[in-house]
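I have placed the structure first, in the form of structure tokens, so that the comments after it can refer back to it.
The values are calculated or read from the model by the stated rules, or taken from the named source; none is laboratory data. In this text, all values refer to a predicted model and were calculated from it rather than measured experimentally. When we count neighbours, we look across all protein chains shown, and the Cβ atoms used for this are built from the backbone with ideal geometry, even at glycine. SASA here: full protein model, heavy atoms, side chains in, ligands and nucleic acids out. Shrake-Rupley method; radii C 1.70, N 1.55, O 1.52, S 1.80 Å.
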Amino acid sequence: MQLWVGLGNPGTQYALNRHNVGFMVADTIADLYGFSPVKKQFQGWTQEGRVGTAKVLLLKPATFMNESGRSVGEALRFYKLGVDALTVFHDELDLAPFKVKVKTGGGTAGHNGLRSIDQHLGPDFRRVRLGIGHPGHKDRVHGYVLGNYAKAEMDPLADLLGAVAAEAPWLADGNEGRFMSDVATRLAA
């Protein structure tokens with residue numbers, strides 16, 4: 001079993017925030033692959049299903065971004081999974097809007113959700129970095145990240161979510177290179 005975590009903040013007021021793109025990806029994957037109905041567990045919301053041949057538990061922590069590690073750690077411990085089974089989908093300021101990169105390990109780049117997971121589990125988990133771009137000055141980051149996607153960004157956002165979900169079987173198989181390549185190809189079309 002793999003644990004795939006979409007990071008975001010709970011509540012309708014945050015639903016379209018750039019910081020919630022991880023939640024959006026989790027929802028899109030659940031819809032595309034016909035995952036089970038939502039259950040409340042591990043201080044969050046879970047859904048089970050298959051992506052390709054892999055059994056996947058999707059988790060959206062309800063702890064707010066800054067405490068995501070509590071929820072993720074609880075789920076990993078319950079299923080007796082190591083961090084090698086963990087994939088975290090999150091927004092990335094240092095990546096151009098609607099670009100996708102995958103890496104294992106590394107720093108948190110000031111991302112409070114990643115920082116929380118790192119504190120609970122260490123840094124050696126797989127991250128799917130979903131580019132939101134940078135507002136240009138560090139004083140504008142907080143409002144930008146917690147701001148909604150603009151109307152002009154809705155079509156590219158839908159394309160991004162669809163591409164990530166459609167190519168998710170490559171992630172499930174551990175083929176990050178093919179995943180990134182095929183997502184990029186879909187987004188360029």
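Can you list the residues, at least 5 places off or on another chain, whose amide H is less than 5 Å from the amide H of TRP45, using H built in the peptide plane?
LYS60, ALA62
Antiparallel versus total DSSP beta bridges in the chain: what percent is that, nearest 5?
Rounded to the nearest five, the antiparallel share is 55 percent.
Using a 1.4 angstrom probe on heavy atoms only, work out the carbon and sulfur share of the accessible area of the range 30-77 in %.
53 percent
Quick one: grab Rg to one decimal and Dmax as a whole number for the chain, Cα atoms only, in Å.
In Å, with Rg to one decimal and Dmax whole: 15.1, 45.
Before rounding to the nearest 500, sum -39500 (n - 2.57) across all DSSP H runs of length at least 4 in the chain and divide by the residue total; then give [θ] at 222 nm in deg cm²/dmol.
Taken over the chain, the calculation gives -11000 deg cm²/dmol.
Explain nothing, just the number: dipole magnitude of the chain about its Cα centre with +1 on each Lys and Arg Cβ and -1 on each Asp and Glu Cβ, in debye rounded to the nearest 20.
Charge dipole, the chain, about its Cα centre: 280 debye, nearest 20.
Ignoring any ligand, DNA or RNA, what whole percent of the accessible area of the range 98-189 comes from carbon and sulfur when the probe is 1.4 angstrom?
On the range 98-189, the fraction of accessible area on carbon and sulfur atoms equals 49 percent.
Can you tell me the accessible area per residue over the chain, all protein chains present, probe 1.4 angstrom, in square angstrom?
Per residue, the chain has 46 Å² of solvent-accessible surface.
Using Cα centres only, tell me the gap between the range 122-137 and the range 143-158 in whole Å.
That distance is 16 Å.
Identify which of GLY105, GLY143, GLY122 has the largest mean-square fluctuation in a Gaussian network model of the chain, with springs joining Cα atoms closer than 10 Å.
In this elastic network of the chain, the residue with the biggest mean-square fluctuation among GLY105, GLY143, GLY122 is GLY143.
Charges on Cβ only, +1 for Lys and Arg, -1 for Asp and Glu, centred on the Cα centroid of the chain; of MET180, ILE29, PRO156, which one is farthest towards the dipole's positive end?
Going by the Cα projections, it comes out as ILE29.
Kindly write out, for the range 135-144 in residue order, the coupling ³J(HN,Hα) from the Karplus curve 6.51 cos²θ - 1.76 cosθ + 1.60 (θ = phi - 60°), rounded to whole Hz, with x marking Gly and Pro.
Along the range 135-144, the couplings run x, x, 9, 4, 5, 9, 4, 4, x, 5 Hz.
In nm, give the distance between the simple-model label positions of VAL141 and ALA109, each being 7 Å from the Cα along the Cα-to-Cβ direction.
Reported label-point gap for VAL141 and ALA109 is 1.1 nm.
For the range 133-189, what is the Kirkwood estimate of the hydrodynamic radius, computed as the reciprocal of the mean inverse distance between distinct Cα atoms, to one decimal in Å?
13.1 Å
When DSSP assigns beta bridges and you keep just the ones with both residues in the range 1-105, what percent turn out antiparallel, to the nearest 5?
About 60 percent, rounded to the nearest 5.
Shape of the range 95-142 from its Cα gyration tensor (a ≥ b ≥ c, root eigenvalues): rounded if a/c is under 1.5, otherwise prolate when a/b > b/c, or oblate?
oblate
Mind grabbing the accessible area of ARG50 for me, 1.4 Å probe, Å², rounded to tens?
Its heavy atoms expose roughly 130 Å² to the probe.
Show the residues, 5+ positions off or on another chain, whose built amide H is closer than 5 Å to the amide H of VAL5.
Distant-sequence amide H within range of VAL5: LEU59, THR87, VAL88, PHE89.
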